[in-house]
Every structure is written in structure tokens, then in C-alpha cells.
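Computed from the coordinates by the stated procedures, all read-outs in this text should not be read as laboratory data. For clarity, every value in this text was computed on a predicted model and none was experimentally measured. Heads up, the Cβs are rebuilt from the backbone with ideal geometry, glycines too, and the neighbour counts pull from every protein chain shown.
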């Protein structure tokens, strides 16, 4: 088909994020489809170890990765429990580049920091692998070829019908709320090490003495993991910029039995100068 012809195009960056894992061929097949369109593209695997169907985890990972890529990068994200249903397939342009994937809230973290410039429903099947895509693998049949074409210079407006960005699905992970002694938040992500990442920005505790209260525990706020003894709980600001709870050389998730969406409170006071 025409959209699978190799394009004489720039060697742009295309990132891939999914819950496909590395046991099956799904990721490799998507890369094959992309290479059929433009083998010059630079492909970067953000991760394919998102827990199955965990849109919130995908949202967090993409939100904390996009800023490290060149302007114009296309980010292809496929965590899609609604594949084959009436959920929309979309491409979004924002200041740093483009997003391609399902309209299920996976992009709401990025777009909370960078509003959409344009949003397109992917209705032009000339840029799909086939006009009759599988009901279970839109990553192969729609998102991979669209992402490859977009990264190769096809204008986003050619990919389908423009839609109002205000109608894009938002994933509600809870909001921070100030209290009389600090700020309330929740756990928005649990990483590979079992660190419990909250939705409270690290800027809130800068220049303050602080601690976290969660499930009857009071956990001191420190600068590095080594500020407490091995096996002890600690709260700190992670490299992603959010307040997190960790265990020095341990797994906070399994040890503390704190889960996604569980609430916590940061209590702080301004340091004397």
C-alpha cells in the first residue's frame, strides 16, 4: 500500500511506550511496520514494561520523559484496554512535538504541562497499515504507521479530522490540596524499585523541614536515600521532581503496603534563615 513505501525523509526521533513487555513479538512487529515506512527514523524505547492496562502508569512515565527529547519528537504510546471499541485514535501536536495513541487519558499528564496546539482523530486510513485494522492490535495497524509518517514529515492535519482538544479524555489521579499544616496528595506511581511516587511537587518542600504522614506512619523528609539507615523508610524528592516514599535498599510498596491512589500528607515548616 502507498503508506508503506519508504519515505525519503529526515531521520527524526520516534519514541515507543507500551504495556507489551518483551516476551512476545508485538514491539518488534510495530518496529517492522515503522521501518517499512522510514528506516531512517531513530527509535527510542521509553519502556514496554508498563503494567498491563495501567493507563495511569503510562501517563506518568510519558509525562516524565518527553522533556528530554528534541523538539519535534513523536511519542507513540500504546496502553489501550479499549482497543477496538469506540474510543478515538488520536494524534496531538504540542510545543515539544507530537503524541500518537488512544484517547484514553494516556496523554493527559503531558498536556497538563503543555496544552495541545492541535488534535486530530486518525480517520485517514491512507496512513494506516490497512483500512481494515485488527480489533486487538491498533499499535501495529494504526499507531505505528501514523507515528512513522508523522515523524517523516507528514503534516498532522493530513492524518484525519481535527477535534476540539478540550474533548480529549482526562485521567483523574487526584489533586493536591493545601491543609492548615501542609498539603494532601496521593500516590500516582510505583516504580520498579517499589518507590511510592506522590502527586505532590518537590518544589513544595524546598527550603522546608518536612515529613510525610501516611497510614499512621510519620516518615522524615530527607535529601538522599543514605540519610537513613538501611531498611528505614524515607521521604525525598525523586529525580522526576515529585515527593516519593522509599526504603533505603528496600521496597516501600511491599514493606508498607501502600498502593496507587492511597492518600498521604506532607507536613512542613519553613526553615529559619
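Worth a mention:
- Ellipticity at 222 nm from helices only: DSSP H runs of n ≥ 4 in the chain, each -39500 (n - 2.57), divided by the residue count, give -4000 deg cm²/dmol.
- Ranked for footprinting exposure by Cβ neighbours inside 10 Å, fewest first, 192, 75, 253, 240 give 192, 240, 253, 75.
- Segment 177-270: antiparallel DSSP beta bridges as a percent of all, rounded to 5: 95 percent
- In nm, spacing of pseudo-spin labels at residue 218 and residue 181 (7 Å Cα→C-beta vector): 0.8 nm
- Measuring spread by the Cα atoms of the chain yields a radius of gyration and Dmax of 20.7, 68 Å.
- Between helix 26-37 and the chain: long-axis angle, C-alpha atoms, 0 to 90°, nearest 10: 50 degrees
- Cα gyration tensor shape of segment 149-273, rounded if a/c is under 1.5, else prolate or oblate by comparing a/b with b/c: prolate
- Each part reduced to its alpha carbon centroid, segment 219-246 and segment 80-94 end up 37 Å apart.
- More than 23 angstrom apart: percent of Cα pairs within segment 9-121: 24 percent
- Normalised by the number of residues in segment 177-270, the average gap of Cα pairs under 8 Å and 6 or more apart makes the relative contact order 39 percent.
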